[in-house]
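The values are calculated or read from the model by the stated rules, or taken from the named source; none is laboratory data. Keep in mind that what you see is a predicted model, and the values were worked out from it rather than measured. Quick reminder, even Gly has a Cβ in these numbers, built from the backbone with ideal geometry, and neighbours come from all protein chains shown. Ligands, DNA and RNA are excluded from the accessible area calculation, which covers all protein heavy atoms including side chains. Shrake-Rupley method; radii C 1.70, N 1.55, O 1.52, S 1.80 Å.
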Amino acid sequence: MSGDQIRLDPKSLRGVAHPVRVRILGLLRQDGPATSTTLAHRLGLSTGATSYHLRQLAAYGFVVDDTGRGVGRERWWKAAHQRTVLESETVIAAPADAETYLRAVAASYADEIDRWLGERPALPEEWRQGSTLSNWHLRLTPNEAEALREELTAVAERYRRFDAPDAPASARPVTLQVQLMPFAGSEAEGDEE
């Protein structure tokens, strides 16, 4: 664990492997600190349900109190880290929780794409030119797939982070999603060569 990221283990994975928790954590990372009431409104949930999930996220170290905000009993929450890392060892150790978590992450990606499609017509032309929804069908070995993942990660890391204090006034939050997905059904084809 570092200030920037948290590496999931089977215990912490259990704490975030829920669709509502993934969405709450994503909102806190993207939009900054919020109250359970604000989050409940954004998610279409009751404040009680949102408070419960925030407490669970806090118990596992994903969110913390933002003590510099709030008046009276108003409680503000913020993400404790900007990134969550799920490694294959944890997936192997806790496959059911890993699948639940990954399905929630995938659903949040789909929601974000849907939101972008709805907002795209209102974007200035220069922002429309800089966006894409693309895919490439590749034929890779496991080593090539790992190398590609590492290269894509390195490219993304060269750019300014979401919370960078030195961002120019013209900078906007931008989401980069990467899915590198080998499919089991195609293994037989590769064995014939």
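Values as computed for the structure displayed
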| quantity | calculated |
| --- | --- |
| Descending semi-axes in whole angstrom, ellipsoid equivalent of segment 1-102, from the Cα gyration tensor | 25, 15, 10 |
| Heavy-atom surface of segment 54-193, accessible at 1.4 Å and reported per residue (Å²) | 79 |
| Sparse-neighbourhood loop sites, trypsin sites (Lys or Arg not before Pro) in segment 11-111 - DSSP loop, at most 10 other Cβ within 10 angstrom | ARG73 |
| Charge dipole magnitude, Cβ of K and R +1, D and E -1 - segment 74-193, Cα centre, debye nearest 20 | 840 |
| For segment 48-63, 3J(HN,Hα) per residue [Karplus equation, 6.51 cos²θ - 1.76 cosθ + 1.60, θ = phi - 60°, Hz, x = Gly/Pro] | x, 5, 5, 4, 4, 5, 4, 5, 5, 4, 5, 4, 9, x, 8, 10 |
| FRET efficiency, 1/(1 + (r/R0)^6) with R0 25 Å, evaluated for LEU43 and ALA184 via beta carbons | 0.15 |
| Most positive-pole-ward Cα, TRP77, PRO165, ILE24, against dipole of the chain from beta carbon charges | TRP77 |
| Per-residue HN-Hα couplings for segment 12-20 [Karplus 6.51, -1.76, 1.60; θ = phi - 60°; Hz; x = Gly/Pro] | 5, 4, 4, x, 10, 6, 8, x, 5 |
| Cα long-axis angle, helix 142-157 against the chain (0 to 90 degrees, to the nearest 10) | 40 |
| Mean separation of Cα contacts under 8 Å (6+ apart) over length of the chain, as relative contact order % | 24 |
| Over the chain: helical MRE at 222 nm, DSSP H runs n ≥ 4 each giving -39500 (n - 2.57), nearest 500 | -15500 deg cm²/dmol |
| Amide H within-cut-off set for THR35, under 5 Å, with H built and near neighbours excluded | TRP77 |
| Label-to-label distance, nm, for residues given as VAL64 and ASP166 (7 Å Cα→Cβ offset) | 2.5 |
| In sequence order, calculated HN-Hα J values of segment 5-11 (Karplus, 6.51, -1.76, 1.60; Hz; x Gly/Pro) | 8, 10, 9, 6, 10, x, 5 |
| Theoretical gain in end-to-end length, ILE113 to GLU126 [0.36 nm per residue, Cα-Cα removed] | 2.8 nm |
| Among (i) 18.9, 69; (ii) 16.2, 48; (iii) 16.1, 53, the entry that matches Rg and Dmax of the Cα atoms in Å as calculated here | (i) |
| Distance between modelled label sites at ALA154 and LYS78, nm, 7 Å Cα→Cβ extension | 3.3 |
